[in-house]
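Scroll down for the structure; my scribbles are underneath it.
Rule-based calculations on the coordinates, nothing more; no lab input. The structure displayed is predicted, hence computed values, not measured ones.
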Amino acid sequence: MKEFKFKIGGQDYAATVEDLKDGQMKVTVNGQTYQVEVPHKKAEGPRVAMAPAAPAAQTGGTKNVNSELPGTVTKINVAAGQHVKRGEVLLVVEAMKMANDIVSEVDGTVQRVAVTQGQSVNQGDLLVEMVADFVAAKAEVTPKPAPAAPAPVAAPAPAPTPSAPAGSKTVTAPLPGTITKVTVKVGDTVNAGDTVLLMEAMKMENNITAEFAGTVKAILVDTGNQVQSGQALVELD
């Protein structure tokens, strides 16, 4: 078991991370426990995009979007009957002081929005029910077999956690994840609350924000890096 201490928005947090099996981890933050999944550690290999294979098209058209962790719905971007593209943000859930974009995994039509803005949700709660496009088109297009998933590839060993000089202001990772985008560069001036990078964790895109104003002195990670909870990401003057 690993223990971490970090601060978000001026509030102290204590967290423990315990590896279970098959990519599952138990994360406890200030006494609240979450069971999370780290995709690159799953025994069955890397996650692949959903393909409209023939058997799937014949078994049903609904695609439920569920909450990956407890939080509060802060914004709803879609309504019943609306058509959306794969990757489009359906709604935003705030959890652990982070705004998490909940995106569609398929092209399809919103059948029902099961929550309202301001509503608290638990892990596994239904958020949006959708109908995927490929089901509606199955009578007109003969689906091709989905390509075989690539063979499992051993995950690279995590890079050593960079350490910042004593007394410096640093933005740290609140939980394990993968850096998907760095939105600032060295020399930029940021205010408290500004987004400095995006991190994917628990299948959600998380905006990582500065807790204080300052000038970007150093960026300690790159896009694609896997980071651990408490790891330094950006250093500010």
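Greater than 23 Å separation of Cα atoms is the criterion. Which listed pairs, 97/169; 21/63; 26/181; 2/181, meet it? Don't skip to the answer; put the middle values down first.
Values: 97/169 19 Å; 21/63 27 Å; 26/181 26 Å; 2/181 26 Å.
Too far apart for the 23 Å limit: 21/63; 26/181; 2/181.
Amide H to amide H under 5 Å from residue 103: which residues, 5+ apart in sequence or cross-chain, H placed 1.01 Å off N in plane?
HN-HN under 5 Å from residue 103: 90.
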